[in-house]
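All remarks here apply to the structure that follows.
The values are calculated or read from the model by the stated rules, or taken from the named source; none is laboratory data. Computed from a predicted model, the values in this text were never measured in an experiment. Note that we place each Cβ from the backbone using ideal geometry, even for glycine, and neighbour counts take in every protein chain shown.
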Amino acid sequence: MQPAPALDTTLPRAARSHLDYDPFSEQVLADPYPHYARLRRDSPVHFAPMSRMYCVSRYEDVVDVLRRPEHFSSDATRTVINGAGPAVDLPSKLRLGAQLLRVFIHSPRIVKVIAGRNLLSLDAPAHTHMRNIVNRAFTPRGIAAWEPRIRAITDTLATELRRKQSFDFVTDFAVPLPVTLIVELLGVEPERSEEFKRWSDALIAAIFGPKRKQGFLRSGAVEALGNLSDAMRRTIRARLREPRDDLISTLVRAQTGEGVLSEPEAVFFAVGLLVAGNETTTRLLGSMVKALIDHPEQLHQVRSNRALIPAVVEEVMRWDGPAQLTARRARRDVEIAGVRIPRNAHVALLLASGNRDERQWGPTAEAFDVTRDARRHLGFSLGPHFCLGAGLARLEARVVLETLLDDLPRLQRTAPAEYLPSFVARGPSRLPLEQRR
């Protein structure tokens with residue numbers, strides 16, 4: 001191993017590279033995949049000075065980190081979400097503290113939500129305890145019970161699309177399906193879907209998108225988070241008084257031998273589910289339809305063999321899925337692929353890069369192939385933090401493809417797809433389509 005670097009002055013020799021790459025650089029947003037390919041080839045463990053993170057790009061190395069929670073903490077997720085950069089030194093910690101103080105002065109009611117425990121950034125045993133509670137709402141049987149409702153929403157949206165000569169698939173289909181479902185899952189009034197989606201979009205832009213540099217206050221995130229938190233807090237208190245058959249009641253209602261989430265924990269979880277659950281599924285649906293329209297020979301194979309539909313969903317998650325990266329903090333000096341990572345350094349795990357690593361997927365890794373067995377992809381992460389909503393996202397995507405499969409050959413793009421300006425959740429924000437004449 002090489003000696004640990006001083007993060008504030010030098011770079012580790014094994015991580016030095018001529019590559020000018022940073023996971024939060026706007027230059028990467030348009031098409032991150034050529035950047036990933038160069039990283040895998042020339043600098044598989046790359047130190048990015050701007051964000052002060054070690055970027056891990058090869059499949060085997062990403063998997064290694066995800067499977068070693070004893071060496072890599074998930075608490076880095078909180079720092080990345082808060083937008084303060086990795087807290088590996090005193091100035092970074094002071095910036096994060098100052099930001100939280102400003103939020104507290106501006107809106108003290110949401111500090112408990114921001115500063116409280118949340119599933120994404122917890123490690124065992126606290127993570128295990130909370131995960132066991134929320135798993136009650138995401139059992140295979142519970143997810144399967146939502147299929148009739150998913151089909152009903154999908155059929156309604158598909159009928160409306162078929163009446164139009166041209167439309168934006170994202171706005172008219174990929175947005176309303178998951179947000180309607182998540183709002184119903186949370187037990188919120190359906191007529192509030194658009195309001196909740198607006199708040200969710202504001203948080204996405206502030207946390208993962210172009211407003212990230214503005215911070216929580218100037219980006220509008222505090223107001224959006226405050227509105228969402230207040231709405232979910234009212235719903236939680238109503239369910240404590242009168243439980244219903246919905247997710248919130250499941251999380252806050254005590255059952256024999258099981259715990260419950262505290263109110264701040266339940267609020268944070270519900271807000272996170274709304275933001276992540278609708279955003280990532282929207283991007284998955286847009287990417288799936290775009291991939292099939294852009295690859296008519298692959299679409300023909302699926303229409304000829306509908307048993308391939310589940311494989312299509314997995315291949316889209318591998319080839320161009322929403323999840324681009326996740327973050328971890330080294331608990332101690334540790335080695336990744338021969339590079340020594342100093343204690344408390346932050347690591348960006350480039351999930352989407354691992355999903356195109358030719359060492360794992362062979363010489364056709366960059367190709368979209370609906371016949372590929374892509375089930376080992378990292379699109380839902382891996383290990384203790386495997387995506388809680390993976391089953392629901394897979395079900396939504398499968399139902400959508402079963403419903404629209406015979407419509408897709410008649411659709412063509414009228415303009416290039418526009419992509420969400422997000423560093424974490426990739427996918428079309430606009431996908432203009434029209435019926436072929």
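Values as computed for the structure displayed
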read-out: Residues of region 235-252 classified as surrounded by fewer than 18 Cβ atoms within 10 Å (Cβ to Cβ) and within 24 Å of the chain's Cα centre (by Cα), total; value: 1
read-out: Subset of region 12-41 that is modelled with pLDDT of 95 or more and under 24 Å from Arg340 (Cα atoms) - its residue that is surrounded by the fewest Cβ atoms within 10 Å (Cβ to Cβ); value: Arg41
read-out: In region 214-234, residue farthest from the chain's Cα centre (by Cα) [restricted to those that are basic (Lys, Arg) and at pLDDT 55 or above]; value: Arg234
read-out: Which listed residue, of Ala327, Ala323, Ala352, Ala365, is at pLDDT 95 or above, in contact with a strand residue (DSSP E or B) (Cβ under 9 Å, 6 or more places away or on another chain) and on the phi < 0 side of the Ramachandran plot; value: Ala352
read-out: Condition check for Pro416: free of Cβ contacts under 8 Å to residues at least 60 places away in the same chain and in contact with a strand residue (DSSP E or B) (Cβ under 9 Å, 6 or more places away or on another chain); value: yes
read-out: Filter pass, Glu258 being at pLDDT below 95, surrounded by fewer than 21 Cβ atoms within 10 Å (Cβ to Cβ) and over 15 Å from Ala174 (Cα atoms); value: yes
read-out: Qualifying residue in region 373-384 (condition: buried (at least 18 other Cβ atoms within 10 Å of the Cβ) and over 15 Å from the mean Cα position of the chain (by Cα)); value: yes
read-out: Glu279 vs. criteria among the charged types (D, E, K, R) and surrounded by fewer than 23 Cβ atoms within 10 Å (Cβ to Cβ); value: no
read-out: Lone qualifier among Leu405, Leu433, Leu401, Leu395 - being modelled with pLDDT of 95 or more and touching a strand residue (DSSP E or B) at 6+ places or on another chain (Cβ under 8 Å); value: Leu433
read-out: Scan of region 26-73 for residues that are over 27 Å from Asp333 (Cβ atoms) and charged (D, E, K, R), ordered by number; value: Glu26, Asp31, Arg38
read-out: In region 21-45, the residues that are closer than 19 Å to His346 by Cβ and small (Gly, Ala, Ser); value: Ser25, Ser43
read-out: Filtered residues of region 346-366 (kept if of a type in the set (Val, Ile, Thr) and either within 20 Å of Thr77 (Cβ to Cβ) or touching a Pro at 6+ places or on another chain (Cβ under 9 Å) (or both)); value: Val347
